[in-house]
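I have placed the structure first, in the form of structure tokens, so that the comments after it can refer back to it.
The values are calculated or read from the model by the stated rules, or taken from the named source; none is laboratory data. Since we're looking at a predicted model, the values are computed, not measured. Positions of Cβ are backbone-derived with ideal geometry, glycine not excepted, and every protein chain shown enters the neighbour counts. SASA here: full protein model, heavy atoms, side chains in, ligands and nucleic acids out. Shrake-Rupley method; radii C 1.70, N 1.55, O 1.52, S 1.80 Å.
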Amino acid sequence: MDEFFNSKEFKEKLARYEEACQQGLSVFLDADDMADIAEYYHLQHRDEEAVEVCDKAIAMFPHSLRPLVFRARIELILHKDSDKAESYLEQIDDTDDLDYYYLYAEILLVRGKYKDAETYLEDAYDHLEDEDDRADFVLDVALLMCDYYRMDEAQQWLSLSDEPDQADYQEAKGRIALYRGHYEESEKIFNELLDKDPYSSPYWNTLAASQFLRNDIHDSIESSEYSIAINPNDDEALLNKANGLFTLGNYQEALKYYERYTDVGNHALGIAFQAVVLMALKQYPKARKMLESSINEMDPSDENLIEVTRQLCLCLSSMKETEEAQQWADSMFLLKDVAPWQIHVFKGYLYMLASNLSGAQVCFNKAVMTAPSLTKAVISICMALHDCQQYGYAYSMHNFILQTTDEEVRIGFAYLADDCLHLNAIDDYKKYLRIACRLNPDEVGYVFADKIPDNIRPEDYWKIVCNE
């Protein structure tokens, strides 16, 4: 927990506020104090109370900056409601404050207007006269861009700073390194940050994420445990530990932490995670009900809806409910952010799982005809064939398309390498594994998860296989 919220001064103000609420009395705190309490409640995942205290502050201190900014960010973070957030932004009088600039830009980012946000922030920066404000601005904006995975922009803003020793600078640098797959660099940065601030849950969480992606699962779980010790309700830490336990095959313990995550994090997503564990335990009917509940709870625009629907289809397939699985797959055509040809490949995969080869062929043909890239469509089909253990067909198609295309290909090499391994084509196995480790180590980590030793990075797996 943030050092400020453990201070005697804050605890006294929090106690005064809560006592006044219990007795139905008026609260004698200023707007900033009430905004602090709202932020504390939010960090504790007591969001209804956070909204309540914030609304009281807004009523008592109209046009006050911090309560309005916090209230707007709640709408952005929890509900992705940029219109509601903008309604709070418009009530702010101090439009020259840095927090006003950040909030305005964040609304644009949530709306996907990335170029507009960048232009707005550049104009705001150009109009800042105070050098301290300019120094704070570039680091704050770099971190804001990290929050929205705009890492190129984050790096550009970070390059404007001449304060590399600042914690915010190092955090942004470490998050950029993590996103770009430079896990060792990221971990070094966050370990150094933790040496100075060992009670920072966000630092522990980012370190755990990097360790997980580097296949250092045990250390990732340990880092998550430090974060949970600091804040038992930290949803990111609970999710990180659950993911680590699941990866190790410790399904019962993973289920416990997914349940805890569900209570304090994204409820609908937490239910889906629990269902995936139940699928691993072959408890398909229970998993099916939970996945359907998760889908019903999600907003149609939720980016997680595609994957949860896929999991439901796979669950139904495991229950031999092929027709219903296909119906749910068809519902994915109504979702945005998923290309129709990809759905056709997935439908073909479901037919393959049901041993309906003619149905699979029809879907795969539709994918090839509708995809903007023949190469990507064929490679995706080969990956589906691989997962259905059709290694010979997958190898033949995959090898043919690689020899006839001029397109740059970065996906599928790990699958092709595994095809070769199953076909005992060892020289080709080593060749394609080396390419996969160079181009797409995350894919290597997924395909060879049961073969890569602990503490070996996926990108280095080829060295073990090739004895180099």
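Data overview
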read-out	value
Filter result for the condition that a residue is of a type in the set (A, V, I, L, M), at pLDDT 95 or above and surrounded by fewer than 21 Cβ atoms within 10 Å (Cβ to Cβ), over L421, L439	L421
Pairs with Cβ under 9 Å, 6+ apart, first in the stretch 53-77 and touching a residue at least 12 places away in the same chain (Cβ under 8 Å) and assigned to a loop (DSSP other than H, G, I, E, B), second surrounded by fewer than 22 Cβ atoms within 10 Å (Cβ to Cβ) and β-branched (V, I, T)	H63/I92; S64/I58; S64/I92
Residue list for the stretch 79-98, restricted to those being loosely packed, with under 15 Cβ neighbours inside 10 Å and either within 17 Å of A57 (Cα to Cα) or of a type in the set (S, T, Y) (or both)	S87, E90, D93, D94, T95
Among (1) open to solvent by 70 Å² or more (accessible area, probe 1.4 Å); (2) at pLDDT below 90 - the single one V27 does not satisfy	(1)
Residue list for the stretch 299-340, filter: open to solvent by 30 Å² or more (accessible area, probe 1.4 Å), in contact with a Ser or Thr (Cβ under 8 Å, 6 or more places away or on another chain) and assigned to a helix (DSSP H, G or I)	W328, S331, P340
Exclusive hit being small (G, A, S), within 30 Å of E129 (Cβ to Cβ) and out of contact with any Phe, Trp or Tyr (no Cβ under 9 Å at 6 or more places or on another chain), set A35, A15, A85, A105	A85
Selection status of F364, buried (at least 18 other Cβ atoms within 10 Å of the Cβ) and within 27 Å of the chain's Cα centre (by Cα)	no
Close pairs (6 angstrom Cβ cut-off, 6 or more residues apart or separate chains): closer than 12 Å to A72 by Cα in the stretch 103-115, of a type in the set (V, I, T) and open to solvent by less than 80 Å² (accessible area, probe 1.4 Å) anywhere	L103/V69
Filter pass, D419 being farther than 21 Å from D216 by Cβ and assigned to a helix (DSSP H, G or I)	yes
Single match in R260, R288 (criterion: among the basic types (K, R) and more than 20 Å from S220 (Cβ to Cβ))	R288
Some residue of the stretch 134-151 being within 24 Å of the chain's Cα centre (by Cα), small (G, A, S) and closer than 20 Å to L207 by Cα	yes
Residue that is within 26 Å of the chain's Cα centre (by Cα), modelled with pLDDT under 95 and either open to solvent by 50 Å² or more (accessible area, probe 1.4 Å) or on the phi < 0 side of the Ramachandran plot (or both), where the choices are Y101, Y179, Y169	Y179
Residue within the stretch 189-203 that is open to solvent by 40 Å² or more (accessible area, probe 1.4 Å), under 19 Å from the mean Cα position of the chain (by Cα) and not acidic (D, E) present	yes
Tally of residues being within 17 Å of K188 (Cβ to Cβ) and in a helix (DSSP H, G or I) across the stretch 203-221	13
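Per-residue answers, yes or no, for (1) aliphatic (A, V, I, L, M); (2) free of Cβ contacts under 8 Å to residues at least 24 places away in the same chain:
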residue: S223; (1), (2): no, yes
residue: I230; (1), (2): yes, no
residue: D235; (1), (2): no, no
residue: L239; (1), (2): yes, no
residue: A242; (1), (2): yes, no
residue: F246; (1), (2): no, no
residue: E253; (1), (2): no, yes
residue: Y261; (1), (2): no, no
